[in-house]
Amino acid sequence: MRGVSKSFGGKLLICKLIMFIAVSSDFLISTIEPDSSLSCVFLANNGYVPHPKQLELLNDQHRYKVIRCGRRFGKSVYAVNFIISEAIEGGDYWFVAPTYRQAKEIAWRLFEKYCPKELIKKKNETELSVELVNGARISLKGADKPDSLRGVGLDGVVLDEYAFMSPYAWNVISPVLQDRKGWAIFISTPDGYNHFYNLYNIRDEDHASFHFTSYDNPYLDAAELDKEKSRMSVEKFGQEYLAEFMKKSGAVWPMFSRSIHAVARIAPTKNDIIYGWIDFGFAIGHPTSVAFTSFDVDKAHTFDGFIEEGLQIDQIDQKMRDLTNGLIVRGIYYDKARPDLADALLKKGWPMVPADKDVELGISDVAQWMQINPLTNRPRWTIADHLIKEIEQIEQYEWQEVRGEDGTYKQVPRKHDDDCPDGLRYMMHTYNKPVGKPKPIIGYTGGDPVTGFGRRPIRKRGRGIDYLEF
């Protein structure tokens, strides 16, 4: 960020290097000093008086700030005013909301309120942009329009309610900050354990994470917040006002827990019974999900996989081979809606099995595998804890209410970031179900060369590879 730190008499003074000639005698710069150790230069005539926790953020000098805060903390007001203070020095800045409509209805009004008119050279409400008299430009964007997030050079960006936008937004924006070594602020109330949770837990010299509740805003009546607390569930209040990372109350698999189901990777062996799933995705924002699971009597462990965008069939094939090197895969369950892609993998030797896609039964089957086995006090199914994206999607897989053609409402799983949950459903619902008649035995492998004890039959699987039967 454009600032310097100097020590005067042992006290830290953080100030802006403001290269700006005021065009109005009414334009003033003032220093707000909440205590003897912190100071912050800011605009005096725009009506913004930061409360102590906002001032803590204004004085922080990290390049990337990740801020989780409760509702009505004043996050958007802080973010808008921070951009204005930075733009006084020149440069290009973005304020990105989850949708373009939110950017217009919330952030645009705040910029109109707090940006002093004497600083504005040109304002375009259609494009949601402001140009200052010093050439600085502030633009408002919506993460729901990913093509609008491509640009040439930024000095800073705010991603407001980052937990509620696709992480793809940051993937697009990050490169345009590099030339100018621009800063980024990620600010949001939590939305379960998703990409915002992962970002919040990054610890390095460039990142700083902050946690504030709604009670940290001194302008809010604590008694009113207490009333909200009495009306809401513990989970809802914890997430919305205390800014706690909570499991979603509408989760499809509420029994899933990282502390129980996510375990250290259990390496498979060549003798394991291994199946996989694939959920194809070739459009932007729709990655391909592949995972492999070893089954043993009444337990299963998903040990490896990937979720990645932009992969072609040859790349998917290679990544699958890298993960299963030396292992025997008995079947890969796939969505019958893309037989062309499944056929392409079949020709490359993969034992593709069309999945039974019954959503409700599939969800029920997965839930049974997630239940705790009373004999072992462990779940029947676990997942390797390095599969972060897969774990996130399982946690974020939630019910939503939709209106049918007959006008009635029903609950269905949310169709967003559901690549892994779909694949998991395919596998657990189709696993162990008969898939046509057994293929003929074409040979044997292993066992005693004289007696034949322990040998295993090799069956032909259509146009796919021959596979071992255990």
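If R0 equals 22 Å, the separation of the Cβ atoms of GLU309 and ASP144 corresponds to a calculated FRET efficiency of about 0.80.
For segment 327-398, just say rounded, prolate or oblate: build the C-alpha gyration tensor, square-root its eigenvalues into a ≥ b ≥ c, call rounded for a/c under 1.5, and beyond that prolate if a/b exceeds b/c, oblate if not. Walk me through the numbers before you get to the answer.
Details: a/c = 1.95, a/b = 1.74, b/c = 1.12.
Prolate is the answer for segment 327-398, as a/c is 1.5 or above and a/b outweighs b/c.
Quick one: grab the alpha carbon gyration tensor of segment 258-435, order the square roots of its eigenvalues as a ≥ b ≥ c, and give me rounded if a/c is under 1.5, else prolate or oblate depending on whether a/b is larger than b/c. It is oblate, given that a/c is not under 1.5 and a/b is not larger than b/c. Magnitude of the charge dipole for segment 334-423, about its Cα centre and with charges confined to Cβ atoms of Lys, Arg (+1) and Asp, Glu (-1), is about 300 debye. Taken along the Cα-to-beta-carbon direction at a fixed 7 Å, the label points for GLN178 and HIS386 span 2.6 nm.
ASP358 to VAL402: FRET efficiency via 1/(1 + (r/R0)^6), r the Cβ-Cβ distance, R0 22 Å, to the nearest 0.05?
Values: r = 18 Å, r/R0 = 0.82.
Efficiency at R0 = 22 Å is approximately 0.75.
The peptide list 183-196, 112-125, put in order of mean Cβ contacts within 10 Å with the highest first, becomes 183-196, 112-125. About the centre of its Cα atoms, segment 258-435 shows a dipole size close to 560 debye [charges on the beta carbon of Lys, Arg (+1) and Asp, Glu (-1) only; nearest 20 debye]. Near ARG378, the amide H atoms lying under 5 Å from its own belong to ASN373; only residues 5 or more places off or on other chains count, and H is placed 1.01 Å from N.
Can you figure out the FRET efficiency of SER259 with LYS410, using R₀ = 35 Å and their beta-carbon distance, to the nearest 0.05? Rounded to the nearest 0.05, the efficiency is 0.60. Of all DSSP beta bridges confined to segment 258-435, the antiparallel ones make up roughly 65%. Under a model in which nothing but the beta-carbon of Lys, Arg (+1) and Asp, Glu (-1) is charged, segment 133-194 shows a dipole of about 260 debye around its Cα centre.
Label-to-label distance for SER209 and VAL49 is 3.4 nm, based on points extended 7 Å past Cα in the beta-carbon direction. Across the cross-link table entries LYS53/LYS75; LYS270/LYS357; LYS53/LYS236; LYS117/LYS145; LYS336/LYS415; LYS270/LYS348, which are compared at the Cα atoms, the separations over 19 Å belong to LYS270/LYS357; LYS53/LYS236; LYS117/LYS145; LYS270/LYS348.
Values quoted throughout were computed directly from the atomic coordinates according to the rules given, and no laboratory measurement underlies them. All of these numbers come straight from a predicted model, not from anything done at the bench. Glycine gets a Cβ as well: all are built from the backbone with ideal geometry, and neighbour counts include every protein chain shown.
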